[in-house]
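Report on the structure given below.
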Amino acid sequence: MSTSQQLDVIIAALAEKKAIPYLGPGMLAQVVEKTVPATAVELADQLAAKTTLPFKIRKNLTAAAQYIENFKHRKTLVTMMNEIFAHRPEPAPLHRHLAELQLPLIVDAWYDGTMAAAMAGSEGWGLLQGVSRAEHFDQWVKYYLPDGTPGDAAQAEKWRSVLYQPIGSASPASNYIVSDSDYVEVLTEIDIQSPIPALVQVLRKNRSFLFLGCRFDNQLTRSYARQIMKRSGAGPHWVVLPGELTKNEVRFMQEQNITRLDMDLNAFFDAVTEALPAAA
């Protein structure tokens with residue numbers, strides 16, 4: 001199937017609310033002014049600029065975060081993350097377009113909160129955020145209303161749109177899954193789906209995933225994507241990703257029935273907005 005034919009299928013799935021956008025840090029390439037790190041390496045570099053880290057882990061985000069947590073305290077790590085993500089970028093047109101489509105579920109797998117900002121001002125939606133067991137010993141997820149006040153599962157059942165942030169976000173409550181121990185806690189249980197909110201498990205059924213701004217060149221990224229997609233159905237799924245792929249990325253896409261569209265997000269946005277105005 002050609003790229004244009006794949007785009008037609010994606011646009012139809014979005015129109016029918018059968019596609020779930022899954023956003024990665026690469027979405028920040030769309031913003032006019034990038035005020036926050038857009039890769040795990042950039043984030044690790046910014047943490048390293050705030051404290052002394054062993055040389056061998058300076059580029060490893062989860063190890064760097066674990067070192068700070070162990071030797072400086074968890075609160076210090078959270079403070080650093082808050083400082084790094086203090087200036088939330090202005091949403092790009094693609095963020096705003098996705099918000100206006102009023103899709104049942106959007107997954108946002110980075111800490112910047114730009115997608116939430118794009119949805120602010122509308123009604124009938126809320127946030128589900130993954131939380132660290134180091135701070136919330138008996139919980140996997142927190143619920144928030146659009147104004148940032150805490151919500152609950154009963155309220156979430158009534159939301160028209162759910163924004164699921166599996167690794168947390170700076171806003172509204174500084175929830176971060178970022179250190180080695182954070183990921184160990186989640187990945188120990190994720191195969192049996194305990195960390196995945198029940199509402200997300202319901203909303204993903206018989207829907208396709210559309211990966212935007214995502215790379216699959218990291219084992220943690222692949223593990224999260226695999227488990228969030230789990231039991232959603234046979235697909236099809238898609239990733240908008242230009243350029244050369246790693247062997248692990250190719251293998252993962254084949255394994256998960258993900259079709260790659262070799263185009264950048266600007267071209268994808270132009271195609272989608274031309275065929276599917278937000279008012280639809």
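The values are calculated or read from the model by the stated rules, or taken from the named source; none is laboratory data. Just so it is clear, the model here is predicted, and its values are computed rather than measured. Cβ placement follows ideal geometry from the backbone for every residue including glycine, while neighbour counts extend to all protein chains displayed.
The table below gives the values:
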quantity: Any hit, the stretch 197-210, residues being more than 24 Å from Gln165 (Cα to Cα) and either modelled with pLDDT of 95 or more or more than 16 Å from the chain's Cα centre (by Cα) (or both); calculated: no
quantity: Only listed residue being closer than 30 Å to Val272 by Cα, crowded, with 20+ Cβ neighbours inside 10 Å, touching a strand residue (DSSP E or B) at 6+ places or on another chain (Cβ under 8 Å) and modelled with pLDDT of 95 or more, chosen from Leu77, Leu94; calculated: Leu94
quantity: Cβ pairs under 9 Å, 6+ apart, first in the stretch 10-23 and in contact (Cβ under 8 Å) with a residue 60 or more places away in the chain, second among the acidic types (Asp, Glu); calculated: Pro21/Asp108; Tyr22/Asp108; Leu23/Asp108
quantity: From the options Ile177, Ile228, residue that is within 20 Å of Arg251 (Cβ to Cβ), of a type outside the set (Lys, Arg) and at pLDDT 95 or above; calculated: Ile228
quantity: Which numbered condition Ala99 misses (of (1) closer than 19 Å to Ile167 by Cβ; (2) in contact with a helix residue (DSSP H, G or I) (Cβ under 6 Å, 6 or more places away or on another chain)); calculated: (1)
quantity: Residue match in the stretch 106-119 (condition: touching a Ser or Thr at 6+ places or on another chain (Cβ under 9 Å), aliphatic (A, V, I, L, M), surrounded by 23 or more Cβ atoms within 10 Å (Cβ to Cβ) and assigned to a strand (DSSP E or B)); calculated: yes
quantity: Residues within the stretch 142-173 that are of a type in the set (Gly, Ala, Ser), in contact (Cβ under 8 Å) with a residue 40 or more places away in the chain and either surrounded by fewer than 19 Cβ atoms within 10 Å (Cβ to Cβ) or not assigned by TED's automatic domain parsing to the domain that holds Tyr111 (or both), tallied; calculated: 2
quantity: Filter result (surrounded by fewer than 20 Cβ atoms within 10 Å (Cβ to Cβ) and outside any loop (DSSP other than H, G, I, E, B)) within the stretch 16-47; calculated: Gly26, Ala29, Val41, Glu42, Asp45, Gln46
quantity: Unmet requirement for Gln139, which otherwise passes all of (1) surrounded by fewer than 23 Cβ atoms within 10 Å (Cβ to Cβ); (2) at pLDDT 95 or above; (3) under 23 Å from Gln66 (Cβ atoms); (4) polar (S, T, N, Q); calculated: (2)
quantity: Search result, residues across the stretch 10-44 that are touching a Ser or Thr at 6+ places or on another chain (Cβ under 9 Å) and of a type in the set (Val, Ile, Thr); calculated: Ile10, Ile20, Val31, Val36
quantity: Some residue of the stretch 238-253 being more than 22 Å from Thr39 (Cβ to Cβ) and touching a Leu at 6+ places or on another chain (Cβ under 7 Å); calculated: no
quantity: Any chance Lys56 is charged (D, E, K, R), part of a helix (DSSP H, G or I) and either modelled with pLDDT of 95 or more or touching a helix residue (DSSP H, G or I) at 6+ places or on another chain (Cβ under 7 Å) (or both); calculated: yes
quantity: Residue in the stretch 265-277 that is in contact with a Lys or Arg (Cβ under 9 Å, 6 or more places away or on another chain) and not β-branched (Val, Ile, Thr) present; calculated: no
